[in-house]
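> Just passing along the structure, written as structure tokens.
The values are calculated or read from the model by the stated rules, or taken from the named source; none is laboratory data. Values in this document were obtained by computation on a predicted structure and should not be read as measured data. Counting neighbours? That spans all protein chains shown, and the Cβs are built from the backbone with ideal geometry, glycine included.
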Amino acid sequence: MESAEDWLVESLRLYQDFHAFELSGATRVLEWLGDKGVLVAGYESPKKNEILHLLLPLRLSVKENQGLFPERDFTVRHGGFSDRSILALKHVPDTRLLVTSGCPGGHVKVWQTAEDSDVISAVSTLAVDEEEGSLWPRLAILPSVAPSVLHGVRLSGLKIVDLESQKTMYCSGVEDSEELSSLQGLDADTFAFCCSSGRLGLVDTRQKWAPVETPRPSPISEDQKWCAEVRATGQGPGPSIASLSSDGQLRLLDPRQLCSPVNAVQCPVSTPSPDPELLRVTWAPGLHNCLAISGFDGTVQVYDITCWDPAGSQAEPVFTHRGHICLEGNEVDTAPLVTTHTWHPSKPRTVLSAASDASLHVWDWVDPRPSC
């Protein structure tokens, strides 16, 4: 393990820009509000958790480095409190609405950022049929004229609810107890789901439940969990679905042919994820062939999929962010876990990452190769 001093010296070469901040409590959500604001929410307290709309420091909001700026820290634009832990948070585009879910029990709550004050307040609670203790509804927003939220704990309970009328616009209508790990709205009529077992599906809501889906990956163990993300339309050719397992398997799939992966590699993770709920794989919106993974330790790994052997083997990251481990000189056995990460919507190599010690990092990594 490199010392904090060595890492700090090396960071001058590794990063174009790097900022480290400390939140009042750890977060598992980082949701962009435009390209200058980010939403975070606490999950550690069973009764009182902050929801904050933070504005990036001015230095991170400009397109080019223009020297020194007076504001070097995040500033709070809006804030509120939840009486439950928040494990998922989504902003409804073109509105001031937020949707959250978490524990205990399966609840989905709608919030609103005030227009004339700094308050985030709860405006309604959506009815959820599934009350499953430690399980909580996964969320996705479907882009449409009438804002709607997709939520569910299992495939059997998937439904789309109109946020204004709270009417159910679509439901799966099946008796399928597969537990969900992630949901993603693709357009007004389609969404993707990933089950903890690794089962993936694409659903068209204009017809009855008939998803185009993958078989469950095999071999599968009871402890192995999966998450997935679909790349946004227009982000380049090639496979557009990335699926990540808790033991570091990373698979790429073409949505037109989900029967078998286009490629499958093993990521160099030291141990399986100690908490599969923290697994995250994300496509870089500004880099056609790059994605990032986290949830195994205190690092975030960035990969270029064009560097992978088509035959499948161990893949090596082109960049690894170790700041959450090295910055405070943490030992391996006490190092924080990265709880989530997200790419900046418009700055190609800028990433935000949060960890279990309440640290929040914003970093713009330098590609060691001529191009990515």
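> How do the pairs read when you match residues in the range 34-52 that are on the phi > 0 side of the Ramachandran plot and in a loop (DSSP other than H, G, I, E, B) with residues anywhere that are crowded, with 22+ Cβ neighbours inside 10 Å and acidic (Asp, Glu), using Cβ under 8 Å and keeping only pairs 6 or more apart or on different chains?
No pair meets every condition.
> In the range 103-112, which residues are under 15 Å from ASN49 (Cβ atoms) and modelled with pLDDT of 90 or more?
Those that are under 15 Å from ASN49 (Cβ atoms) and modelled with pLDDT of 90 or more: LYS109, TRP111.
> Can you work out which of the residues in the range 337-372 that are assigned to a strand (DSSP E or B) and polar (S, T, N, Q) is surrounded by the fewest Cβ atoms within 10 Å (Cβ to Cβ)?
THR342
> Something else: Given SER85, SER134, which one is under 20 Å from THR27 (Cβ atoms), surrounded by 20 or more Cβ atoms within 10 Å (Cβ to Cβ) and modelled with pLDDT under 95?
SER85
Residues are listed down the side, and each one gets a yes or a no for (1) in contact with a strand residue (DSSP E or B) (Cβ under 6 Å, 6 or more places away or on another chain); (2) surrounded by 15 or more Cβ atoms within 10 Å (Cβ to Cβ):
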residue	(1), (2)
ILE120	yes, yes
THR125	yes, no
ASP129	no, no
LEU142	yes, yes
VAL149	yes, yes
LEU155	no, yes
VAL174	no, yes
GLU178	yes, yes
ALA192	yes, yes
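> Tell me, yes or no, whether the range 324-336 has at least one residue that is assigned to a loop (DSSP other than H, G, I, E, B), out of contact with any Lys or Arg (no Cβ under 9 Å at 6 or more places or on another chain) and within 19 Å of GLU31 (Cβ to Cβ).
Within the range 324-336 (the criterion being assigned to a loop (DSSP other than H, G, I, E, B), out of contact with any Lys or Arg (no Cβ under 9 Å at 6 or more places or on another chain) and within 19 Å of GLU31 (Cβ to Cβ)), the answer is no, since none of the residues qualifies.
> Name the residue, out of THR95, THR75, that is in contact with a Leu (Cβ under 7 Å, 6 or more places away or on another chain) and either within 27 Å of GLU179 (Cα to Cα) or loosely packed, with under 15 Cβ neighbours inside 10 Å (or both).
None of the other options fit; the residue is THR75.
> Would you check which residues across the range 197-236 are of a type in the set (Ser, Thr, Tyr), more than 23 Å from HIS288 (Cα to Cα) and modelled with pLDDT under 90 and list them?
THR214, SER218, SER221
> Here's a follow-up. When you scan the range 97-205 for strands (runs of 3 or more DSSP E) that lie fully inside it, which ones turn up with 2 or more residues that are over 20 Å from the mean Cα position of the chain (by Cα)?
Result: 107-113, 120-126, 159-162, 168-171, 200-204.
> Out of (1) within 21 Å of the chain's Cα centre (by Cα); (2) touching a residue at least 24 places away in the same chain (Cβ under 8 Å), what's the single condition that is false for GLU213?
For GLU213, the exception is condition (1).
> Additional query: If I filter the range 288-300 for residues that are buried (at least 21 other Cβ atoms within 10 Å of the Cβ), at pLDDT below 90 and either under 23 Å from LYS36 (Cβ atoms) or of a type outside the set (S, T, N, Q) (or both), do I get at least one hit?
no
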